1. Report the paramagnetic label zone for residue 13: residues of the range 34-72 whose backbone N is under 17 Å from a point 7 Å from Cα along the Cα-to-Cβ axis.
2. Would you mind calculating the relative contact order of the range 1-80 from Cα pairs under 8 angstrom and at least 6 residues apart, reporting the percent as a whole number?
3. If you roll a 1.4 angstrom probe over the protein chains with everything in place, what fraction of the accessible area of the chain belongs to carbon and sulfur, to the nearest %?
4. Are there chymotrypsin sites (Phe, Trp or Tyr not before Pro) in the range 5-66 that DSSP puts in a loop and that have at most 13 other Cβ atoms within 10 Å, and which ones?
5. Using a 10 angstrom cutoff on alpha carbons, build the Gaussian network for the chain and name the most mobile of 142, 150, 103.
6. Would you work out the relative contact order for the chain, in percent, from Cα pairs under 8 angstrom that are 6 or more residues apart?
7. Given a 1.4 Å probe, how much area per residue of the chain is accessible, in Å²?
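The values are calculated or read from the model by the stated rules, or taken from the named source; none is laboratory data. Predicted model only: the values in this text are computed from it and were never measured. When we count neighbours, we look across all protein chains shown, and the Cβ atoms used for this are built from the backbone with ideal geometry, even at glycine. We work out accessible area using only protein heavy atoms, side chains counted, and drop any ligands, DNA or RNA first. Shrake-Rupley method; radii C 1.70, N 1.55, O 1.52, S 1.80 Å.
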Amino acid sequence: VYQSVNTVIDNALVTGNNYFGINLNASKYTSISNSNISNNDGIGILFYSNSTHTTLDNVTLYQNQKQGLHLSGSGYNVFNEVKVLENGQDGESAGFDFGSNLSNQNSIKNSIVSGNQANGIDLKGTSRVEISGSEINDNGGSGIYSSSISQFEFMNITDSNLSSNENYGIEIRGP
């Protein structure tokens, strides 16, 4: 989905693709709902190059070879009732990865991040994030991870359960 505005993807099964299940590249105001993105050889959904104001609602990202969701320089997105399950079959990729390019103002609400091979949520590329009402458990690394605290302007984690992750519930390394 390249440089689109107001795209709607509803009730879709996106499976078995060679790399991305869905690639949002410089797209704005996209809505993805009631969909299953699974068993792709790479990333389930890639948000790339300033893809902003996207809403995912009732979406399952399951057993993708790399990340379930990967954001790169994309912000102002809302992820509601998203299931990010058993992704990162390569053993290195987080289930939900904010990438290394700044992705601001993202919200994860009422979601489940579980059984991913590495960290559940990797925040290294964000400065403002809100996580609420979510279950983050049984991931192969930490439930929520960041390699640095210096980039954070705002991080709010409320009403969430982080349990049975291999390393830590929340791991933030300094500076």
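1. 34-41, 59-64
2. Working: 246 pairs, mean separation 22.8, N = 80.
It rounds to 29 percent for the range 1-80.
3. On the way: 3080 of 7500 Å².
Summing carbon and sulfur atoms, their accessible area is 41 percent of the total for the chain.
4. On the way: sites: 19, 20, 29, 47, 48, 62; in loops: 19, 20, 29.
Here the sparse-neighbourhood loop sites are 19.
5. Evaluated over the chain, the most mobile residue of the options is 150.
6. Numbers: 647 pairs, mean separation 23.9, N = 175.
RCO, the chain: 14 percent.
7. With all protein chains present, the chain gives 43 Å² per residue.
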